[in-house]
2 protein chains.
Amino acid sequence: MKCRKCGATAVINMRQHRLALCADHFLEWVPGQVQRAIEKFGMFVPDERVLVAVSGGKDSLGLWDVLLRLGCHAEGLHINLGISQGEYSEVSQQKAEQFAAERDVLLRVVDVAQRYGQGVPDVARRKRGRSTCGTCGLIKRHVMNEVACDAGYAAIATGHNVDDEAAVLFQNTLHWATGYLARQAPVLPASHRRLARKVKPLVRLYEREMAAYALLSGIDYIYEECPYSKGATTLFYKDLLNDLEERSSGAKQQFYLSFLRAREEGRLLGQEETRVELEECTRCGQPTTAPALCAFCRLWEEGPAGHGEWSSHDLA
Amino acid sequence: MKCRKCGATAVINMRQHRLALCADHFLEWVPGQVQRAIEKFGMFVPDERVLVAVSGGKDSLGLWDVLLRLGCHAEGLHINLGISQGEYSEVSQQKAEQFAAERDVLLRVVDVAQRYGQGVPDVARRKRGRSTCGTCGLIKRHVMNEVACDAGYAAIATGHNVDDEAAVLFQNTLHWATGYLARQAPVLPASHRRLARKVKPLVRLYEREMAAYALLSGIDYIYEECPYSKGATTLFYKDLLNDLEERSSGAKQQFYLSFLRAREEGRLLGQEETRVELEECTRCGQPTTAPALCAFCRLWEEGPAGHGEWSSHDLA
C-alpha cells in the first residue's frame, strides 16, 4: 500500500477515511485531526492555557505530544492513583515524568495516597458500596478540577478517543440513559466558577491511530491496562464496536458523530430535567448537587487516621 | 432445572426473567405474554378482526396459533413472493396452508407473480436501483395493507419478536436515524382511511422462545431463512445483540423496552418534521407521499407484459 500524499510505502491504512499514509504524513495528519476537533467544537483558543490529564498511556501522552506540536500552551497533570498491582501507578507516573523531562515541560503530580491518606483501591475497599472504577473516576474528576481551577487553566484536556466515546455512548444508549446522553460531549463548558471546562481533542481519532502515533513518535508509554479494568463492560463494548467496524469501516465514528449531529440539530433528546442548582461543598468549595459535603469529600469521612487536617494543595 | 410453577422438569430457562418452565407451563406463559402486549399497547380489542401476516416461519405461525388460543378473531394472509431458490416460497406457502387446514381457519393467499406478473426477485432484478429485500418489504406492505383494508380487518398483526425489533432499533440507533426512531413502535395507528393499523404482539418474546413455542406446540414451519437474507446486516446485528445478551441477560429486551419508555416519556426525540400530508395513489388508491403513483405502483411501470390490465383482487 502506498501513501496517498507521497507514494512512499504506507505504514497505516485508515479504512474509514480510505486513507493510507506513510509515517511522516501520518505524523502530520494526526495533529491536523486534533486541530480540526479543537476548532470545530470550540475547545480553546491558542493563547489559553490547557491542563492535559496524563495517565501515562498512549492516548494521554499522544494528546500532550500533539498539543505541544501544535504550539498549544499545554501542561500536564498526573494523578497517582496508588494502584500497586503490577506496579501500575508507579510505572504510569514514571512514563509521564519521563515524557515531561524529555520535552522540558511542566508536569504537575498529585499522589492521592500521599495527599488524602489512601490510594484508590483502599478507598473503594473501605467504601463498600462503591466500585473501584467509580471511586477512581470521582477522585480523578475532583483532583483535575481542583488543580485546573486553582492554577487558572482555561480547560482540562483528556485523551478520550473515538473508541472511548463510542463505547460510553453505546452503554448509555443500551439503557437509553437520556440524562447521560444529554451530557456526553467533546466540550463540557464550565457551568460554575469552580468548574473547569473539559475538552476531548482526540474525538476524531481511533484508538489504533493513537497507538500508531505513539509508536511512530517514539513515545514511551505504559502498555498495561489498569488491572482493575479487566473484564470491564466498556472493554466488552469496545470489542463489539470493533466487530461492527470490521464489517463496516467507519461505523464506530459514524455512530458517535451522527449522535452529536442529531443532538445538535435538536432531533434527539426531548425536554428533560432543567439545570440543577449547584451548591458549593462546605469543605472543598467545589460545586455539588448535595446540600453539604460533595461526593468526593464524603469519601474521606470516617476515613483513614490522620486525615483530620486537610492538607494544603502542594502541587509539584 | 425445575419448572417454577409445578416443580416438573423444565424445558426452557428464560434467564432474563429468571424463569424456568416445563412444557405445559411454557405453553401457557407465551400466550400470557402476548395478551399482556396486546393490552399494554392497546393493539386491538377482543371483537376486532385481525389479519395475521403469515410467512410460514416459526414466528408468524406461532403468533397465529397464540392468537387463536387466546380466542382472537384471527385470519391469515400469506404472500407468495415467488422465490424459487430452494423452493423457498413453495414450501412457505405449503406450511401456512397446512397450518390453516389443520385448524380450519381462513388463510388468504396472494401470489405476487400471478397477480402482478413477476415475483419479487425478478422485479428487483428489473428495477436495478432496488435491493431485493427493499423491494420485498415494499410489496409485502402494499399487499398486506390492501387486503386488510379491502376485507375490513381492524389490524394487521406481524410476528416481529424482541430480536427483530431490537435489531432494527440497533440499526437505526447506529445511524441516529431519528425519523425511523420516531416511527418504530409495537402499534402503528392507521393514519389514513386506506391504511390499516399494524400491531406486533410478539414484542415481549425472544426469538428462541418462539422457536421453543413452535416446537412444543407441534407447529410445522419452514426452517430455512429466506435465501436472500444470507449475510444480511440485520442478522449481523442480531448476533451482536445476542453476544450482549449472553453477557448480560435481558440486555436485548431492556434496550428495546427502555427505548419505548424514554420516547413515551418525551425524554428522547426532539421535535422533528411534522406529519407529512398523504396523497392517494392515482392507480391503487393507497396513501403515498408521492404526487401521483405510489412506490409500489411505480415498481410495475414499464413492467412485464400483460400487466396493463389491473386485475381485480381475487383473494382466496
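Read-outs: derived from the displayed coordinates by stated rules, not from any lab. As the structure is a computational prediction, the values presented were derived from the model and not from experiment. For neighbour counting, all protein chains shown are included, and Cβ atoms are generated from backbone atoms with ideal geometry for every residue, glycine included.
Defining the label point at 7 Å along Cα→Cβ, can you sort the distances from residue A:47 to the same site in each other copy, shortest first, in nm?
8.0
Could you give the nm distance between label points at residue B:208 and residue B:279, where each point is 7 Å from its Cα heading toward the beta carbon?
5.0
Taking only the Cα atoms of the stretch B:81-213, how large is their convex hull per residue, in Å³?
155
Consider just the alpha-carbon atoms of chain A and return their Rg together with their Dmax, both in angstrom.
When restricted to the Cα atoms of chain A, Rg and Dmax are 19.9, 64 Å.
Once you wrap a convex hull around the alpha carbon atoms of the stretch A:11-105, what is its projected area averaged over all directions, in nm²?
7.6
Could you tell me which chymotrypsin sites (Phe, Trp or Tyr not before Pro) in the stretch A:234-295 are loop residues by DSSP with no more than 12 other beta carbons within 10 angstrom of their beta carbon?
Sparse-neighbourhood loop chymotrypsin sites (Phe, Trp or Tyr not before Pro): none present.
Compute the relative contact order of the stretch A:1-90 as a whole-number percentage, counting only Cα pairs closer than 8 Å that sit 6 or more residues apart in sequence.
Relative contact order for the stretch A:1-90 comes out at 18 percent.
With an 8 Å Cα cut-off and a minimum separation of 6 or more residues, compute the relative contact order for chain B in percent.
Computed value for chain B: 19 percent relative contact order.
Give me B:70, B:21 sorted ascending by neighbouring Cβ count inside 10 Å, so fewest comes first. Intermediate values should be presented prior to the final figure.
On the way: B:70 15, B:21 25.
Ordered from fewest to most neighbouring Cβ atoms within 10 Å, B:70, B:21 come out as B:70, B:21.
Taking 0.36 nm per residue of separation and subtracting the Cα-Cα distance, what length does fully extending residue A:192 through residue A:84 add?
On the way: separation 108, 0.36 × 108 = 38.88 nm, distance 3.52 nm.
Contour length minus Cα-Cα distance gives 35.4 nm.
Taking the alpha-carbon distance from residue A:5 and a cut-off under 12 Å, which aspartates and glutamates remain once sequence neighbours fewer than 8 residues away in the same chain are dropped?
A:24, A:28
Set the Förster distance to 30 Å, then compute FRET efficiency between residue B:239 and residue B:91 from the Cβ-Cβ distance, nearest 0.05.
After rounding, the FRET efficiency stands at 0.75.
Any idea what the relative contact order of the stretch B:172-216 is, in percent, if you count C-alpha pairs under 8 Å spaced at least 6 apart?
RCO, the stretch B:172-216: 23 percent.
Send over the semi-axes of the stretch A:138-197's equivalent ellipsoid, whole angstrom and largest first, taken as the square roots of 5 times the C-alpha gyration tensor eigenvalues.
In descending order, the three semi-axes are 25, 12, 10 Å.
In nm, what is the difference between 0.36 nm times the number of residues separating residue B:114 and residue B:230 and their Cα-Cα distance?
Gain on stretching residue B:114 to residue B:230: 39.1 nm.
If you average the alpha carbon positions of the stretch B:118-179 and of the stretch A:145-202, how far apart do those two centres end up, in angstrom?
Cα centroid to Cα centroid, the span is 40 Å.
Taking residue A:230 as the anchor, which lysines have their alpha carbon closer than 28 Å to its alpha carbon, excluding any fewer than eight residues away along the same chain?
Of all the lysines, those that pass the test against residue A:230 - Cα under 28 Å, at least 8 places apart if same chain - are A:58, A:95, A:127, A:140, A:198, A:200, A:238, A:252, B:238, B:252.
Taking the label point as lying 7 angstrom from Cα along the Cα-to-Cβ axis, what are the distances from residue A:264 to the corresponding position in the remaining copies, in ascending order and in nanometres?
Here residue A:264 shows inter-copy label distances of 3.4 nm.
Using r as the Cβ-Cβ distance of residue A:185 and residue A:98, and R0 as 35 Å, what FRET efficiency do you calculate, to the nearest 0.05?
So the FRET efficiency works out to roughly 0.60.
Run the quick spin-label model on residue A:45 and residue A:5: label points 7 Å from Cα toward the beta carbon, then report their separation in nm to one decimal.
That separation, rounded to one decimal, is 2.9 nm.
Counting only helical runs of four or more DSSP H residues, what would the 222 nm mean residue ellipticity of the protein assembly as shown come to if each run contributes -39,500 (n - 2.57) and the total is spread over all its residues?
Value at 222 nm, helices only, nearest 500: -14000 deg cm²/dmol.
Taking a label point 7 Å out from Cα toward Cβ, give me the nm distances from residue B:191 to the same spot in the other copies, shortest first, one decimal.
List, nearest first: 3.4 nm.
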